[in-house]
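Here is the structure we will look at.
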Amino acid sequence: MSLLFIVFLCATNGFLTSAVPVESPNILNFPGCGIITSNDLKWPWMAALLQDGDGEYLSDEDYLCGGSVITDRHILTAASCVHNLEPAEKIKVRLGENDFGVKSTFEVDFAVEKITTHSAYKPGVLGNDVAILKLKKPITFTGRIKPLCLPSKGVDVTGKSATQAGWGSDRQRKFSPVLQESKLKIWTQAECRTIGPYSEMGNDQTCAANDAGGVDVCRGDGGSPLMFKTDAGAWAIAGLVSSAIDCDKPNVYTMITAHLDWIKQSL
């Protein structure tokens, strides 16, 4: 019989915190989420979604998309990455990874028990591009594997500086075995809709861009997190990469604040 605990959820400085766990792992947020120390992996909540394939990316495995650890059993990613991957056995999740070209004992692969995509998601249509993977076994958190915070309801991230991380391809369409990051600015929806392909973007979406040039979102970055740092010093997820039409243009993100209720119900 599982033990129940009293939980206290509070919204502070743009992210949710939980003082005491209840019915672990189904809580928002996990204690210690979004905190990185000097000894930790750079982005310890990054998840790599892998599928057996033809070796285009990783020998006998294919890198599909990115994702984020949000509890000790759940990975947040984009529905466009996994909507056609039932049964769940077709996919596995690697945590603790940084460089696919370097083998070590730190990376851990997890089997997926269940894939939950947003019921309103439609392939090829912008909007509701969010999904949750439930792992078969719980994660043991370490300095290389930690959860990322979710934002609190109502927090406005437009205009904020943010960081997007992922293993997506570069401008030459070459997969990056090393985890990359890009500094971006989050745009308003009105600004995004001035770009032709995004004129009909979903109301739950916006875009972000690297105004200074350099590394930006590209093919293969789908499902990867767009992160911002809260006033309290913790990292929280602002959005998920939904559409990357051009490595040199603003790209579309599903905003997590629009789906907090769905996420909670889906855990």
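Coordinate-derived values only; no laboratory data. Bear in mind the structure is a predicted one, so any value in this text is a computation, not a measurement.
Quick notes
- Contact order relative to length of the stretch 36-147, as percent, for alpha carbon pairs under 8 angstrom and 6 or more apart: 31 percent
- Cross-link partners of LYS264 among lysines (Cα-Cα below 16 Å; sequence separation of 8 or more within a chain): LYS114, LYS134, LYS153
- Evaluating 6.51 cos²θ - 1.76 cosθ + 1.60 at θ = phi - 60° for every residue in the stretch 36-45, the Karplus couplings come out as 10, 9, 5, 9, 7, 4, 4, 10, x, 9 Hz, glycine and proline recorded as x.
- Scanning residues 5 or more positions from GLU113 or on other chains, those with amide H under 5 Å from its amide H are LYS134, LEU135, LYS136, with H placed 1.01 Å from N in the peptide plane.
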